[in-house]
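The values are calculated or read from the model by the stated rules, or taken from the named source; none is laboratory data. Because the structure is predicted, anything quoted here is derived from the model rather than measured. Here the Cβ positions follow ideal geometry from the backbone for every residue, glycine too, while neighbour counts run over all protein chains shown. These area figures cover heavy atoms from the full protein model, side chains too; ligands, DNA and RNA do not enter into them. Shrake-Rupley method; radii C 1.70, N 1.55, O 1.52, S 1.80 Å.
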Amino acid sequence: MITVENISVAYRQRGQSVVALENLSFTVADEEFLCILGPSGCGKSTALHVIGGFIPLTTGVVRHNGQMVRGPGKERGVVFQQHNLFPWKTVEENIGFGPRMRGETKQRRKEIVSDYIKIIGLMGFERSYPEELSVGMKQRVALARAFANDPEVLLMDEPFASLDSQTALTMRQLLLKIWSQRRKMVIFVTHDIDEAILLADRVLVLSSRPGKLKGEFRIQLPRPRTSECLVTPHYVDLKKTILSSCHSEVMG
Amino acid sequence: MINESFKRRLFWIGQSKIVRGTSAFVAVIVLWEFLSSLRLYNTLLFPGPRRIAMAFSDMFVSGEWFGDLRDSGVRYSLGFVLGSVIGVGLGTLTGRIPVLRDTLGVLLNYMRSTPSVALIPLVIVWFGIGEEAKVFVVAWGVTFPVWVNTHSGIAEVEKEYVWAARSLGAEGSDLYWEVYLPRAVPFVIAGTRIAIATGFFSLAAAEMAGAFGGVAFRIFHSHQMFRTDKMMVGILTIGALGVLCDRLFVSLTGWLLPWWRGESQLDK
């Protein structure tokens, strides 16, 4: 379980103090898929970076299974929007990086890598460098790399935002497929309402700067979910409610 | 009348990079030989290609040319390796550790502005005109371009790479060997390529200031003997060496950087 208790993040920019997050609190259960939804610049990525232990908090505390998060650790894997894969490593070296760091044998690493290569459907690209792959393929590898290290939590920072909508659609299905087989806690940051509803068990809506919690929605659409969910009446109702919550933002 | 296929062959020969690249050399040599054979000027001061070729063949046969090449090669290689290692080491320190960037970095920037040539008289006082002096001067010329570039490479590593690596369990020295250093390699290579040239510059100056052999020493020595033909052999040799090292290095980069697709830092 992850508990976020009253966190605030402020930093200085051109001599001015900017508050990115203010008094944010929430908890995420094991195996839960949580989406943090908000407009760009609302501090949702900052929240994710804080949970990852990448940037320091101004106030508050983040706990992972009761332990205070003080820095990045292998319990919490990440997928970013860009600069994800190490460009100097091949696809198989990228996926095998986590297992290598925790000292797995070469044989075991090979098994893990070929396992994930199959899941993400990149057979034949094991020896390719990231720059030789399309954006979508890169993100597949990034997913595989994060899962291959078997973290307890997966932190995803708009991982599909730079993909075309068709590719993003397939990627979401791939993510749900892997997640349904290897359940973990996922905290997924996005600005796309459809994406949030399709993926999440629960959606948190953040207001724009400074980021504060504005609403919380449980998504009870049955799984496995496909893009067809997006046209069911239940979905439309949910989207309306969440939209109005986002809109009060723009108006207010 | 010239037939079609011959014309086409001529066209493709004209497209060849090697043909195009050597054509300027050939043209200059032919023109040069022609002008010097007219004896419009004192060819003792500026000998033609034929005289230079003859001097070269004498030096080649006597072994003098090879001896000089070996002397210069050993000095240059030692200085180059030493300077590169120091440059990468310093760049790692100042690029990675803010305190060192603000202290050592400033000092190095000052030292960098001192041309290696300016140090030669002092270096001779320290080491005499032995090999150490030359290696030192070459290393000086090589260290700073490598340092500056390694520094920027290490300092500009994208934070996402470091975060991702730490989230995958990399810590301490793993981060350096797996992330910082490989990410900085394109920069290191760009710096090293500049250093190839600055190293040659330093080598030439150091050998002229006093030596017993070496390509640049030969230029200076032939000057005292008033052997302009041998001077020209030396000048052409050192130029060829520079080009050769640079080409060799560029072809090496493909092997060092199989992943690199950028162009800005590595124009070929």
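The table below gives the values:
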| quantity | calculated |
| --- | --- |
| Listing of helices (runs of 4 or more DSSP H) fully contained in segment B:52-155 that carry 2 or more residues being hydroxyl-bearing (S, T, Y) | B:64-96, B:131-155 |
| Per-region count, segment B:14-43, residues more than 31 Å from the chain's Cα centre (by Cα) and part of a helix (DSSP H, G or I) | 5 |
| Total residues in segment A:178-200, condition open to solvent by 20 Å² or more (accessible area, probe 1.4 Å) and either among the aliphatic types (A, V, I, L, M) or under 12 Å from A:P224 (Cα atoms) (or both) | 3 |
| Test result for B:A184, in contact (Cβ under 8 Å) with a residue 24 or more places away in the chain, aliphatic (A, V, I, L, M), within 12 Å of chain A (Cβ to nearest Cβ) and closer than 30 Å to A:L154 by Cβ | yes |
| Matching residues, segment B:191-211, being under 24 Å from B:F56 (Cβ atoms), open to solvent by 20 Å² or more (accessible area, probe 1.4 Å) and touching a residue at least 60 places away in the same chain (Cβ under 8 Å) | B:F200, B:F201, B:A205 |
| Qualifying residues in segment A:140-153 (those that are out of contact with any Phe, Trp or Tyr (no Cβ under 9 Å at 6 or more places or on another chain) and open to solvent by less than 10 Å² (accessible area, probe 1.4 Å)) - the one farthest from A:C42 (Cα to Cα) | A:P151 |
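Table: residues versus (1) at pLDDT 90 or above; (2) open to solvent by 60 Å² or more (accessible area, probe 1.4 Å); (3) more than 10 Å from chain B (Cβ to nearest Cβ); (4) within 14 Å of the chain's Cα centre (by Cα).
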site	(1), (2), (3), (4)
A:L122	yes, no, yes, no
A:E131	yes, yes, no, no
A:V135	yes, yes, yes, no
A:K138	yes, no, yes, no
A:L155	yes, no, no, yes
A:F160	yes, no, yes, yes
